[in-house]
1. Hey, which lysines would be in cross-link range of Lys152, C-alpha to C-alpha under 30 Å, not counting anything within fewer than 8 residues on its own chain?
2. Rounding to the nearest 20 debye, state how big the charge dipole of the range 109-166 is about its Cα centre with +1 on each Lys and Arg Cβ and -1 on each Asp and Glu Cβ.
3. Towards the positive end of the charge dipole of the range 118-162, with charges on Cβ (+1 Lys, Arg; -1 Asp, Glu), say which of Ile148, Ser135, Ala158 has the farthest Cα.
4. What are the lysines whose alpha-carbon lies under 22 Å from the alpha-carbon of Lys78, with same-chain residues fewer than 8 places away excluded?
5. Once phi is turned into θ = phi - 60°, what whole-Hz ³J(HN,Hα) does the Karplus curve with 6.51, -1.76 and 1.60 give for every residue of the range 124-136, x standing for Gly and Pro?
6. Residue by residue through the range 108-117, which ³J(HN,Hα) values in whole Hz follow from phi under the Karplus form 6.51 cos²θ - 1.76 cosθ + 1.60 (θ = phi - 60°), with glycine and proline marked x?
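Laboratory data are not the source of any read-out in this text; all were calculated from the coordinates shown. Remember, it's a predicted structure, so these values are computed and weren't measured experimentally. We place every Cβ from the backbone using ideal geometry, glycine too, and count neighbours over all the protein chains shown.
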Amino acid sequence: MTLTTPRTSGNRDVDREREELLDNLRPDSGAHLAGRDGGRPTVGELVARVTADMRKLLSQEVELAKAEVRAEASKAGKAAGMFGGAAFAGYMVVVFLTLAAVFGLANLMDPGWAALIVTAIWAAIGGALFMMGRSRMRAVQPKPERTIDTLKEDAQWARHPTHPTV
């Protein structure tokens with residue numbers, strides 16, 4: 001496999017980074033395979049090289065994962081901001097609908113009673129939402145039970161690796 005240098009992009013920094021990456025990918029002349037005496041490498045040297053290569057590969061994979069997570073977190077942050085804006089807009093709609101209901105009822109009765117009726121309706125809605133939220137919150141299990149069980153099994157296996165876990 002022969003790696004060639006692609007055309008330049010016109011940006012010196014990008015071209016330099018591209019060249020460095022290609023230099024890292026180009027196969028060496030084979031001098032790195034020579035052992036201590038210029039002959040074949042020993043098994044220990046080969047294992048050391050494989051370990052170093054695996055460490056480098058793992059490090060590069062972690063860096064790639066970090067870059068991907070940063071990009072996705074940025075997208076998620078922007079989306080969360082939009083949800084916040086939508087929530088505020090929804091809140092404003094509810095406020096103005098409430099005012100419209102008060103003014104609409106004020107045409108039929110005293111404005112004070114109209115405001116009291118609309119407030120009572122909102123109090124009933126708030127109370128119902130509170131009761132539903134409280135009942136759902138009681139069903140939440142804050143401890144990760146399956147994870148705790150799995151960790152206990154792992155600890156038991158680590159203490160007695162030859163015995164099967166139950």
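1. The qualifying lysines are Lys143.
2. Charge dipole of the range 109-166: 160 debye, to the nearest 20.
3. Ser135
4. Lys66
5. For the range 124-136, the Karplus curve yields 5, 5, x, x, 5, 5, 4, 4, 5, x, 5, 5, 6 Hz.
6. Karplus-based 3J(HN,Hα) across the range 108-117 equals 9, 8, 4, x, x, 5, 4, 5, 5, 5 Hz.
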